[in-house]
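Scroll down for the structure; my scribbles are underneath it.
The values are calculated or read from the model by the stated rules, or taken from the named source; none is laboratory data. Everything quoted here is computed from the prediction, not taken from an experiment. Here the Cβ positions follow ideal geometry from the backbone for every residue, glycine too, while neighbour counts run over all protein chains shown.
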Amino acid sequence: MRNIAYFILTLLFVVFIGLIGYYFGFLGFIYNIALPNVLSQYNLIILSVIFGIAAFFSPCAFTVLPSYVSYYASQNRKKERRNKSLYLGLMAAAGIVTVNMILGIIIGILGNVAPFVPDPRQDIPAILVVRIVSGFLIAALGIVYLTGRTFHFPFLQGVQKKSFSKSMYAYGVVYNGAAIGCTGPILLGLMLYALSFGSFTAAITAFLVFSLTMGILMVTITLLTDSLRKRLVTKIAENYKLIKMVAAVVMIISGFSIALLTLEGNRIFVSIFFPHLG
């Protein structure tokens, strides 16, 4: 049980980083920039970085962080190249950027009438479906991890075929997919502000910096988790099955929580993480 405690402490430490990011990144953005609407006080590049930090640590994404950390930290990989963790982090970051590209295309096509609102309780059905599906995918991945059973979900084939890099990419997609209710309005606000300069180049630049910021944060979280995991590599090897079970349970709880809170209408979720919405 001592080794499980070490594993849980690793998880809690990285989640603590996520909480710090939520309070100072997301809420800091809401109270200091979004509500007072002081966008013009910032350089567009700096503003894009701030928006990216706020989106990465938004509460919609934060609910996925425990399952991501658990899944990565519980891997029993004794022999691993030093740069492998960087590669895996980049794969997860690529998943995040993929979702951002889809959001960017939607915003580009729909412009001012893009279907994003700043209140998750008013999310349109399409966004709710994405979040619910993302939640159930995380839970399904946890069940696969816990039982070793195979489910015929194409999105989970990377895990089932033991391709860890593919599963990390999938987690990046799910991370941002579950966060779409929060990241959508943030990205939309940034793009509309950039377009107010009358420059398509400014909008593209803002989008790239926004996505790159989220990607760098995902790589950072992955490297931090890997650094902590390597300190536990012997303990993980000795207690792999038990640690894997704990990680799977965290993933299942996280996934079902995302799906069920969304089905509930996001009211509980908003009351906890969106104090400015009352």
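Couple of notes before you dig in:
- Pairs, first assigned to a helix (DSSP H, G or I) in the stretch 83-108, second among the aromatic types (Phe, Trp, Tyr) and at pLDDT below 90, C-beta under 6 Å, six or more apart: Met91/Tyr169; Ala92/Tyr171; Ala94/Tyr169; Gly95/Tyr169
- Long-range neighbours under 8 Å by Cβ, at least six apart or interchain, first residue on the phi > 0 side of the Ramachandran plot and in contact (Cβ under 8 Å) with a residue 40 or more places away in the chain within the stretch 252-277, second part of a helix (DSSP H, G or I) and buried (at least 21 other Cβ atoms within 10 Å of the Cβ): Asn266/Pro120; Asn266/Gly181
- Residue count, the stretch 109-124 (criterion: touching a helix residue (DSSP H, G or I) at 6+ places or on another chain (Cβ under 8 Å), at pLDDT 70 or above and either surrounded by 15 or more Cβ atoms within 10 Å (Cβ to Cβ) or over 23 Å from Phe29 (Cα atoms) (or both)): 3
- Wholly within the stretch 1-64, helices (runs of 4 or more DSSP H) carrying at least 1 residues that are surrounded by fewer than 18 Cβ atoms within 10 Å (Cβ to Cβ) and without any contact (Cβ under 8 Å) to a residue 40 or more places away in the chain: 2-21, 44-56
- Residues of the stretch 194-209 that are at positive phi and outside any loop (DSSP other than H, G, I, E, B): none at all.
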